[in-house]
Amino acid sequence: MIDLCNPRQTREILKKHGFSTRKKYGQNFLINPSILDEMIDAADISKDDFVLEIGPGIGTMTQRLCQRASHVTAVEIDKELIPLLDETLSEYTNKNIINADILKTDIKQISDTYNNSNKIKVVANLPYYITTPVIMELLKAENPIESITVMVQKEVAMRMIAGPTGKEYGALSLAVQYYTEPTIICTIPPQAYIPPPKVDSAVVHLRMRSEPPVKSSDPKFMFALIKAAFAQRRKTLANAIANSAELTFSKDTVIEAINKCGFDINIRGEKLKLEDFALLSDRLRGESK
Ligand code: SAM
């Protein structure tokens with residue numbers, strides 16, 4: 001059995017198939033086996049697990065996942081990689097490769113079709129051009145997901161774990177922390193990939209929470225409020241919410257709600273913790289009745 005995760009093997013496979021990596025699909029293939037093992041250990045994959053991999057590339061991570069998991073479904077957008085994957089993963093019978101865009105894929109349906117609607121673990125070296133939309137999509141409550149272990153740009157990993165006031169804190173931090181318990185597993189230098197990206201990367205493990213850490217009577221509305229607050233993060237929270245095209249509150253109504261929550265009326269969204277947004281969101285919903 002050939003281990004795909006090394007520079008020589010990766011180059012040989014690319015050459016054999018006349019495949020040139022494409023920037024537009026964020027194709028940076030992992031060539032460092034110890035980082036791969038650290039990531040798969042963090043994902044805690046065993047023979048009981050069904051894994052969804054996003055973007056298998058030439059199958060480097062898929063190979064390890066097939067060896068550890070009960071079943072792997074991998075979704076790859078680039079149709080030119082499909083015959084290549086058929087060859088590199090030919091010996092594994094516990095996998096299926098779907099040629100599709102993950103942002104147009106129904107994840108619940110994957111679990112319904114291949115895993116009796118049971119929970120799945122997501123593992124991926126994510127294409128960096130769509131990291132945030134993919135994470136936001138995965139976090140949707142209807143998805144039967146147990147955990148998400150992903151390689152992302154280091155800067156995005158820092159945004160996921162950020163707390164109030166810093167420039168990294170924003171809607172992604174709040175969504176990740178509301179639905180999951182995030183941990184940074186390791187950071188990765190550009191040389192761990194072919195071709196090397198321009199930035200450092202990191203592995204992040206997100207364990208889905210069974211209960212959110214704060215009570216909000218309408219999480220969807222709370223996240224609309226969070227989106228408005230950070231869409232104009234240099235403005236006061238009152239102005240950012242009142243100016244939002246998606247929300248319909250007058251500035252007076254917003255100021256009254258901010259006051260009733262006990263916050264400074266000139267506060268900016270970046271100062272509010274998750275529980276503060278939950279409080280304000282419930283207060284504003286009351287005002288709108
Ligand atoms: N898993 C491989 C590895 O670690 O070497 C490849 C990772 S590479 C960073 C990202 C992979 O995602 C590429 O194979 C790329 O073609 C694929 N990809 C990009 N956009 C995608 C999308 N919207 N849906 C599914 N796969 C996508």
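Observations
- Qualifying residue in region 121-137 (condition: in a helix (DSSP H, G or I), more than 11 Å from the ligand (Cβ to nearest atom), without any contact (Cβ under 8 Å) to a residue 12 or more places away in the chain and not hydroxyl-bearing (S, T, Y)): no
- In the set (1) under 22 Å from P33 (Cα atoms); (2) within 16 Å of the ligand (Cβ to nearest atom), V156 fails one condition alone, (1).
- Enumeration of residues in region 92-120 that are under 20 Å from V150 (Cβ atoms), more than 16 Å from the ligand (Cβ to nearest atom) and in a loop (DSSP other than H, G, I, E, B): N115, K119
- Yes/no for K23 being charged (D, E, K, R), away from the ligand (no atom under 13 Å from the Cβ) and surrounded by fewer than 21 Cβ atoms within 10 Å (Cβ to Cβ): no
- Residue tally, condition over 18 Å from Q153 (Cβ atoms), of a type outside the set (A, V, I, L, M, F, W, C), in contact (Cβ under 8 Å) with a residue 40 or more places away in the chain and within 11 Å of the ligand (Cβ to nearest atom), over region 29-62: 4
- Checking each residue in region 64-88 for being hydrophobic (A, V, I, L, M, F, W, C) and within 12 Å of the ligand (Cβ to nearest atom) picks out L65, V72, A74, V75, I77, L81, I82, L84, L85.
- Verdict on A175 being in contact with a helix residue (DSSP H, G or I) (Cβ under 9 Å, 6 or more places away or on another chain), at pLDDT 95 or above and closer than 30 Å to K15 by Cβ: no
- I13 meets each of the listed conditions (1) within 12 Å of the ligand (Cβ to nearest atom); (2) under 17 Å from A74 (Cα atoms) apart from (2).
The values are calculated or read from the model by the stated rules, or taken from the named source; none is laboratory data. Since this is a predicted model, take the numbers as computed values, not measurements. Using ideal geometry, Cβ is built from the backbone for each residue, glycine included, and neighbour counts are taken over all protein chains shown.
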